[in-house]
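Everything on this sheet refers to the single structure shown next.
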Amino acid sequence: MLKKSLTTFIILSFLAVSLTLVIPNTAEAAQPVLKWGSVGETVKTLQQTLNSKGYWCGAVDGIFGKKTYNAVIKFQKDAGIKVDGIVGPQTWRALGKNSNTNYTQPSRGTARTLTVVATGYCPCYKCNYPFYGQPSYLGYPLRKGIVAVDPKVIPMGSRLYIPGYGEGIAADQGGAIKGNRIDLCFSTHQEALNWGIKTVTITVYP
Ligand SMILES: [Zn+2]
């Protein structure tokens with residue numbers, strides 16, 4: 001049912017990396033709270049940032065000591081924020097590093113609807129001949145939620161909502177999947193057969 005075009009692993013890897021970059025990250029990790037005695041890479045980031053702003057804290061050694069402390073105090077005074085020598089969310093924000101507030105992914109556009117003809121497939125040999133055992137075009141293992149699309153119609157990596165199927169991601173391609181056609185991956189062959197062929201109006205999220 002699904003014939004994937006051959007692509008190089010370089011392209012696969014590149015796309016996989018690009019995809020991970022555009023997956024919305026609503027839980028962006030906040031910078032840790034740093035104080036006298038803290039060590040590590042984030043202390044280096046802090047020291048580099050302070051130094052670049054003219055708050056000299058000595059060599060960038062990843063150790064939050066007296067010089068770094070003094071630089072933080074001076075910065076906090078100048079920034080008009082709480083002067084405690086502790087680098088928490090407020091100080092990180094003032095330094096312009098990681099706002100720690102309502103981080104939202106910049107939108108690549110707005111959601112749109114699209115009427116397509118949808119078929120089903122599964123990870124089995126029959127559905128994937130001659131590419132049985134290979135991951136999806138974007139490198140994800142084949143499983144429910146993976147949707148094959150024509151990248152000219154639906155950009156690879158788009159999140160999708162398909163009535164009767166649920167949420168999916170445009171992560172696969174197929175030789176027969178051209179134009180307003182999609183192929184939905186199901187867990188089992190029977191589920192794919194049960195789906196059959198349907199005309200559905202899907203939502204494509206950027
Ligand atoms: Zn199958």
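A few points about this structure:
- Some residue of the stretch 128-138 being more than 19 Å from the chain's Cα centre (by Cα), buried (at least 19 other Cβ atoms within 10 Å of the Cβ) and in contact (Cβ under 8 Å) with a residue 40 or more places away in the chain: yes
For every residue, the table says whether it meets (1) over 19 Å from residue 114 (Cβ atoms); (2) touching a strand residue (DSSP E or B) at 6+ places or on another chain (Cβ under 8 Å); (3) assigned by TED's automatic domain parsing to the domain that holds residue 112; (4) surrounded by 15 or more Cβ atoms within 10 Å (Cβ to Cβ).
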{"site": "146", "(1), (2), (3), (4)": "no, yes, yes, yes"}
{"site": "149", "(1), (2), (3), (4)": "no, yes, yes, yes"}
{"site": "175", "(1), (2), (3), (4)": "yes, no, yes, no"}
{"site": "181", "(1), (2), (3), (4)": "no, yes, yes, yes"}
{"site": "186", "(1), (2), (3), (4)": "yes, yes, yes, yes"}
{"site": "195", "(1), (2), (3), (4)": "no, yes, yes, yes"}
{"site": "198", "(1), (2), (3), (4)": "no, yes, yes, yes"}
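- Applying the set (1) touching a residue at least 40 places away in the same chain (Cβ under 8 Å); (2) acidic (Asp, Glu); (3) in a strand (DSSP E or B) to residue 167 leaves exactly one unmet item: (1).
- Every pair of residues 6+ apart whose Cβ atoms lie under 7 Å, when the first sits in the stretch 61-80 and is under 13 Å from residue 39 (Cα atoms) while the second is among the aromatic types (Phe, Trp, Tyr) and part of a helix (DSSP H, G or I): none
- Matching entry among 161, 132 (being under 19 Å from residue 191 (Cβ atoms), touching a Gly at 6+ places or on another chain (Cβ under 9 Å) and either assigned by TED's automatic domain parsing to the domain that holds residue 189 or within 14 Å of the ligand (Cβ to nearest atom) (or both)): 161
The rows are residues; the columns are (1) surrounded by 18 or more Cβ atoms within 10 Å (Cβ to Cβ); (2) assigned to a helix (DSSP H, G or I); (3) not hydrophobic (A, V, I, L, M, F, W, C).
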residue: 42; (1), (2), (3): yes, yes, yes
residue: 55; (1), (2), (3): yes, no, yes
residue: 71; (1), (2), (3): yes, yes, no
residue: 76; (1), (2), (3): yes, yes, yes
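The values are calculated or read from the model by the stated rules, or taken from the named source; none is laboratory data. As the structure is a prediction and not an experimental result, all values here were calculated from the model. Here the Cβ is made from the backbone with ideal geometry for all residues, glycine too, and neighbour counts use every protein chain on show.
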